[in-house]
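Asks: My structure is below; once you've seen it, I'll send some questions.
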Amino acid sequence: MIADFKNLIYAVEDEILTITLNRPEALNALNLIMAKELVRAFDLADADDGVKAIIVTGSGRAFCAGADLSVGDDSFTAARVTKGADGRSDYSDESVRDWGGIIALRIFRCLKPVIAAVNGAAVGIGATMQLPMDIRIASTGARFGFVFAKLGIVPEAASSWFLPRIVGISTALEWCYSGRVMPAQDAYAGGLLRSLHAPDDLISAARSLAREIIDSAAPVSIALTRQLMWRMMGAVDPMEAHRIDSRAIVTRSQSADAREGIAAFLEKRSPNFAERPSCDMPDFFPWWDEHSYS
C-alpha cells in the first residue's frame with residue numbers, strides 16, 4: 001500500500017510499517033497536519049493485513065519536541081467554549097477535544113502491535129503520544145519531558161490514564177510536577193522504556209522485536225490480546241476479564257488458526273496463520289461500549 005503524507009513517512013517493508021514523524025527542521029514538532037496524518041496512518045495500518053507490526057520513530061535528531069503552536073490556525077488552541085443558559089461552560093463542542101488525546105485513543109484502538117523507537121528528544125506530546133504504544137525502546141541519547149506544568153497547562157493525550165498505569169502513580173506525578181527533561185537512562189529506570197540502544201542500533205532493534213512478534217504469533221490473537229490487556233487495566237473486577245477471556249478462548253480454540261498452531265507445534269515447524277484482523281475477528285468484538293466525547 002502506498003500512502004502519501006506531508007509530515008509523515010509511511011513505509012512498509014517485510015510486513016513491518018515504519019511511521020516516521022517527518023518535520024526535522026522543527027524537531028518533528030506536532031502540528032495539526034501531522035496530528036491528522038497520524039490518525040489516518042493508523043487507520044490505513046489496521047485496514048492493511050500486509051501490516052503485522054508498527055514502529056513509530058522520528059527523522060533527524062528528535063523524536064518529537066512537542067506541539068507546534070506557532071502557526072495560527074494550524075494550532076491546538078482554537079477551541080470554542082460557549083456558555084449555556086445556566087452560565088456554565090459547555091465543553092461538548094468537538095473543537096474542545098485535545099488532538100493529542102485523539103491520536104492516543106486511535107493508537108489505543110489499534111489492532112497491530114506498536115513499538116516506539118525513540119531516537120531523540122521526546123517532550124510534551126512527543127512523550128505522551130508514546131504511552132498507548134505497546135513497547136517503547138530508545139536511543140541512549142534520547143530525552144523525555146512531561147513539561148506541561150512548566151508551561152502553565154496540564155498533561156494531555158489521555159496521559160493521566162496511561163502514565164500512572166505504566167510507571168506508577170508516584171513516578172508519574174513526580175515527572176509531571178517537576179516537568180524536568182530527563183535522560184533516557186532515567187526514563188528506563190522509571191519503567192517507561194523496555195531497553196536502551198546505541199543510536200545506530202535503534203531501528204534494527206525495533207525491527208528485530210517486531211520480527212519476533214510477527215514470526216511467532218497469529219495476527220487475530222495479537223489483535224485480541226492487545227485489546228484485552230489494555231482494556232482490562234481499567235476493569236473494576238477480574239470477572240470482567242473472565243467473561244471476555246471465556247468468549248475469546250471458545251472462539252479462538254475453534255478457529256483455523258488454532259488448528260494450524262497445534263499442527264505446527266506437533267510437526268515441529270513454523271505456523272502459517274491465515275486469519276486476518278480485517279475480516280476474521282470474532283463476533284463479540286468489539287465488546288466494549290463506545291464512549292462518545294460529549
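Any read-out appearing in this document is the output of simple, stated calculations on the displayed coordinates, not a laboratory observation. Quick caveat, the model's predicted, so the values are computed rather than measured. Note that we place each Cβ from the backbone using ideal geometry, even for glycine, and neighbour counts take in every protein chain shown.
Asks: With a ≥ b ≥ c taken as the square roots of the eigenvalues of the C-alpha gyration tensor of the stretch 159-289, please select rounded if a/c is under 1.5 and otherwise prolate if a/b is larger than b/c or oblate if it is not?
Replies: oblate
Asks: Quick check on packing: order 173-184, 253-264, 54-65 by the mean number of other C-beta atoms within 10 Å, highest mean leading.
Replies: 54-65, 173-184, 253-264
Asks: May I pose another question? Taking the chain, how much of its Cα-Cα pair set, in percent, is spaced more than 27 angstrom apart?
Replies: 45 percent
Asks: I would also like to ask the following. Over the chain, with a Gaussian network built from C-alpha contacts below 10 Å, which listed residue (Asp46, Asp86, Asp201) shows the highest mean-square fluctuation?
Replies: Comparing Asp46, Asp86, Asp201 in the GNM, the peak value goes to Asp86.
Asks: Within the stretch 82-123, whose backbone N sits under 12 Å from a point 7 Å along Cα→Cβ of Met229?
Replies: Taking a point 7 Å out along Cα→Cβ of Met229, the residues of the stretch 82-123 whose backbone N falls under 12 Å are 112-115.
Asks: Just Glu15, Glu212, Glu37 to compare: in a GNM of the chain, with alpha carbon springs under 10 Å, which one fluctuates most?
Replies: Of Glu15, Glu212, Glu37, the most mobile in the Gaussian network model is Glu212.
Asks: What number of lysine-lysine pairs in the stretch 8-213 show an alpha-carbon separation below 30 angstrom, given a sequence spacing of 8 or more or placement on distinct chains?
Replies: Lysine pair count for the stretch 8-213: 6.
Asks: For a protection proxy built on the mean count of beta-carbon atoms within 10 angstrom, sort 190-198, 3-11 highest first, please.
Replies: Per-residue Cβ counts within 10 Å, averaged per peptide and sorted highest first, yield 190-198, 3-11.
Asks: Among Val167, Val123, Val51, determine the one that fluctuates most according to a GNM of the chain built with springs between C-alpha atoms less than 10 Å apart.
Replies: Of the options given, Val167 has the highest mean-square fluctuation.
Asks: If we sort 233-240, 22-29 on the protection proxy, mean other Cβ atoms within 10 Å, highest first, what's the order?
Replies: In decreasing order of mean packing, 233-240, 22-29 become 22-29, 233-240.
Asks: Taking the Cβ-Cβ separation of Ala256 and Asp14 as r and a Förster radius of 25 Å, what is the calculated FRET efficiency to the nearest 0.05?
Replies: In this case the efficiency is close to 0.55.
Asks: In degrees, nearest 10, range 0 to 90: what is the angle between the Cα axis of helix 32-47 and the longest Cα principal axis of the chain?
Replies: 10 degrees
Asks: Report the local net charge at Ser221: Lys and Arg +1, Asp and Glu -1, summed over other residues whose C-beta lies under 11 Å from its C-beta.
Replies: -1
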